[in-house]
1. Rounded to a whole number of µm²/s, how large is the Stokes-Einstein D of the stretch 192-307 at 4 °C and 1.567 mPa s, given Rh as the Kirkwood radius over C-alpha pairs?
2. Kirkwood hydrodynamic radius for the stretch 141-242: how many Å is it when counted over pairs of different Cα atoms?
3. Report the net charge of residues surrounding M315, where surrounding means a beta-carbon distance below 13 angstrom and charges are Lys +1, Arg +1, Asp -1, Glu -1.
4. With everything on Cα atoms, drop me the angle between helix 2-13 and the longest principal axis of the chain, reported from 0 to 90° to the nearest 10.
5. Mind giving me the nanometre distance, one decimal, between the label points for R12 and R150, set 7 Å out from Cα along Cα→Cβ?
6. For D190, what accessible area in Å² do you get when you roll a 1.4 Å probe over the heavy atoms of the protein chains, rounding to the nearest 10?
7. With +1 on each Lys and Arg Cβ and -1 on each Asp and Glu Cβ, how big is the dipole of the stretch 209-337 about its Cα centre, in debye rounded to the nearest 20?
8. Can you give the angle from 0 to 90° between the axis of helix 269-279 and the longest principal axis of the chain, with both taken from C-alpha atoms, to the nearest 10?
Amino acid sequence: MLPSLAVADALRKRGVHVTFAGTPDRIEARIVPEAGYELDTFRIAGLPRRPSPTLARALLLGARAPAACGRILRARRPDVVLGGGGYVAGPMVVAAARRRIPAAVMEADAHLGLANRLAAPFARRVFLAFPIAGRSGSKYRVTGRPIPSRSRPTSQADGRRIFGLPGVGPVLLVFGGSLGARLLNELAIDAFGSAGPAVLHLCGTRDYDELRTKITRPDYRLFAYTEEFGAALGASDLVLARAGGSVWELAAAGKPAVLVPGLFATADHQSKNAEYFQQGGGAVVVPEEEAGRAPEVVRSLLDNPRRLGDMAAAMRRLARPDAADEIAEELIVLASA
């Protein structure tokens, strides 16, 4: 959702009126109105991988969703539609194609997800974060992943002041999404909770109460979540994280990373994401089954400022900080075609 908001902001700066559509019971129901955009809602659910009553309900909602999206399109009369990826976007892209409204979709990972594979035939453009084999030609554009404004890095001094971190010395940033990543949470606490570099740890809401009792030093700063992610990036010298779409935010900030891809990710797309940045020189990949050695990799990198500098430069070369603007311009062209 945050990449979609980044594109919406880029469009709004160009004088385009933007509205959103989504479900009433997901994160968009909160953050879209907070960002100042109107939200039309319809019912849809993801498809479970195994037969179940939940699957039957999801199939029923999926069959009804294009008609509901059609009603939204009739009311809004848009010139172009952008699907942000995932199962929510598919029905709207299909409904737009039926009405000959130009449509596009975005893919945040190095693997085209099922929903986007199904939607792609109905889209005139597919915006890819990573190059994907077999996805080329005029329909496909490799743009990188749009960066939300909250992820633009502050200065190091401002970032460290905001989070109460030491003004000198290395800082490690650890994060794993809004819920957190339990494996990374436990690794970081066990390795650095009592000694080591200063740490800014965004552990997620699920594990915060349990973890906060294990911190024994003042320069290990633990937070469940922050709206100041750009400040967190600005404060840090190295990042320990999973390898979801947020790796593009690390690249835009020029932050070297130790990436531990999650095996839970569909089609192992996190490993593909991580490998892209490792091959480019900006990251070190530690497979999940070898996650226990990640703290030692962190220590070795923090002890080697020259290598950290080289990795930071590599991340900046790989970054696509103008992805939102590029996509916005393409959408305006589609709307006027």
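The values are calculated or read from the model by the stated rules, or taken from the named source; none is laboratory data. Everything numeric in this text was worked out from a predicted model, so none of it was measured. Cβ placement follows ideal geometry from the backbone for every residue including glycine, while neighbour counts extend to all protein chains displayed. In case anyone asks, the SASA skips ligands and DNA or RNA and just uses the protein heavy atoms, side chains included. Shrake-Rupley method; radii C 1.70, N 1.55, O 1.52, S 1.80 Å.
1. Numbers: Rh = 15.0 Å.
Diffusion coefficient, whole number: 86 µm²/s.
2. On the way: mean 1/r = 0.0726 Å⁻¹.
Mean inverse Cα-Cα distance, inverted, gives 13.8 Å.
3. Within the 13 Å Cβ shell, the charges total +2.
4. 70 degrees
5. The answer from the label model is 1.4 nm.
6. Result for D190: roughly 130 Å² accessible.
7. Values: 14 positive and 20 negative charges, 108 e Å.
Dipole size: approximately 520 debye.
8. Value to nearest ten degrees: 60.
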